[in-house]
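Contents: one structure, followed by commentary.
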Amino acid sequence: MNTENAANKKFRKELKSGTVSLVLLSILNRSDEPLYGYEITKNIDSSLVGTFRMGQGALYPVLRSLEKSGLLSSTVEPSVSGPPRRYYRITGVGSETLGNWTEMWVKTRDFVDDILKGNNDV
Amino acid sequence: MSELIKEYLTRLKTALAGSDPATVQDALSDAEEHLWIALQLAKRETPEIGEEEVIASAIERFGSAEEIASAYSEIESRGLPVMEARGPAGRKSSSARFFGVFTDPRAYASLFYMLFSLILGTFYFSWTVTGLSFSIGIIVLIIGLPFLGFFLISVRGIALVDGWIIEALLGERMPRRPIYLKKPANWRERLNFLLNDSMVWKTIIYNIMMLPLSILYFSLTITSLAVSASLFLRPVLEYVFDLPLAQSSNWSFWTPGFLMPVSVALGIIWFLMTLHMAKGLGKMHSKIAKKMLVRD
């Protein structure tokens, strides 16, 4: 049982590391306005827990990492009450990368689906 | 800030022990921002629910301190794959870094701060020196102590506002709100607290230091800008406005025509160097301000 759990956990972690970045880029690409972390996490809150078993907070380091990679840019805006908010928007390189990643994702998904369907048919 | 959020941030900080200080700061500010917004929204939407309950559920959705710490550590250890593959930002050549400053908004913001700081420095200095000497002067009068209290509160206000300006222009994270303090029972207690608060005295020293510092920043920046403008605009100055490079009563020196492109190019390079200098001074000033205006 424990081994199974560990295997699932490992697989989920491996799936998660790329897909979360893709999801975040896609959300920011769709938005006309820059979004702050809370707004982004709110959009995918239930899917996060359901699919990836991750807390909303785990998205923030991914946002930071995408920013450091130049795919997102951010500005810190003071807020009237409370801490300042960091607003993220996608960069030109980010949009271009999203296009490439989406293509890769679709190819991978179709390939895996085909294989899985093939296995099911057998 | 709510005690529960504070507690969570402390747990997160402990869980992140050993990580890069910048990562710790990022993690703490992300968590603080998120939980604070969650709390404010919940308060607005369902005011009848208790704060503790709201924060507990927000923390649960946010993720445990250990989970979040490991998410940051994992990303940190993974490095920057995209950057390594593409080779921009992180491994820019030195010439790309030198010329890249031209499109760096942070450099222009620092440049603006360096010029604007003279006004701030003069104001902080005058306010602090006047307030301090006036307070001491009238301390024996009945209005002496209340005035001293008012002055010390104003000093804390200045520290906060200056922090906002520094964060907006220089990008250094500074406290957004005054540290929450229990309401003192009476005036005497409040005054006593202010007098014993090392932050107030450090801010007073900072405010006084701001005058010489801002004079230095302003002079360096304005001189450097003037030099770059005079080099860049040399052809316009000489051919349009008939202003020679150097002049005395009986001679004047005009730049030879073939040197004009060199002068323009030097002007551009000088401007880029000014931007680098402003950024460097900005970084240095943020460090000073953080040391003097932020509670450890």
Open item on the list: Between B:52, B:33, which is of a type outside the set (A, V, I, L, M, F, W, C) and facing chain A (nearest Cβ under 10 Å)?
Closed with: B:33
Open item on the list: Residue under question is residue B:289, and the condition is that it be assigned by TED's automatic domain parsing to the domain that holds residue B:111, without any contact (Cβ under 8 Å) to a residue 12 or more places away in the chain, hydrophobic (A, V, I, L, M, F, W, C) and part of a helix (DSSP H, G or I); does it hold?
Closed with: no
Task: Members of segment A:14-56 found to be more than 26 Å from residue A:92 (Cα to Cα) and over 12 Å from the mean Cα position of the chain (by Cα), listed by number - done: A:14, A:46, A:49, A:50, A:53, A:55
Task: Residue that is nearest to residue B:277 (Cα to Cα) [pool: residues in segment B:214-255 that are touching a Phe, Trp or Tyr at 6+ places or on another chain (Cβ under 6 Å) and not in a helix (DSSP H, G or I)] - done: B:245
Open item on the list: Residue under question is residue B:42, and the condition is that it be assigned to a helix (DSSP H, G or I) and at pLDDT 90 or above; does it hold?
Closed with: no
TODO: Hey, could you check segment B:225-253 for residues that are among the aromatic types (Phe, Trp, Tyr) and modelled with pLDDT under 85 and say which is nearest to the chain's Cα centre (by Cα)?
DONE: B:253
Open item on the list: Consider segment B:119-172. How many of its residues are within 14 Å of chain A (Cβ to nearest Cβ), crowded, with 19+ Cβ neighbours inside 10 Å and not acidic (Asp, Glu)?
Closed with: 4
Open item on the list: Quick test for you: out of B:215, B:222, B:205, pick the one residue that is assigned by TED's automatic domain parsing to the domain that holds residue B:151, modelled with pLDDT of 85 or more and under 14 Å from residue B:155 (Cα atoms).
Closed with: B:205
Open item on the list: I'd like to verify a number: residues in segment A:66-113 that are touching a residue at least 24 places away in the same chain (Cβ under 8 Å), within 11 Å of chain B (Cβ to nearest Cβ), out of contact with any strand residue (DSSP E or B) (no Cβ under 6 Å at 6 or more places or on another chain) and part of a helix (DSSP H, G or I), how many?
Closed with: 2
Open item on the list: Can you report the number of residues in segment B:1-23 which are surrounded by 14 or more Cβ atoms within 10 Å (Cβ to Cβ) and without any contact (Cβ under 8 Å) to a residue 40 or more places away in the chain?
Closed with: 2
Open item on the list: Can you confirm whether residue B:98 is of a type outside the set (Asp, Glu), in the same structural domain as residue B:204 (by TED's automatic domain parsing), within 21 Å of residue B:268 (Cα to Cα) and in contact (Cβ under 8 Å) with a residue 60 or more places away in the chain?
Closed with: yes
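The values are calculated or read from the model by the stated rules, or taken from the named source; none is laboratory data. Just so we're clear, the structure is a prediction, and the values are computed from it rather than from any experiment. Note that we place each Cβ from the backbone using ideal geometry, even for glycine, and neighbour counts take in every protein chain shown.
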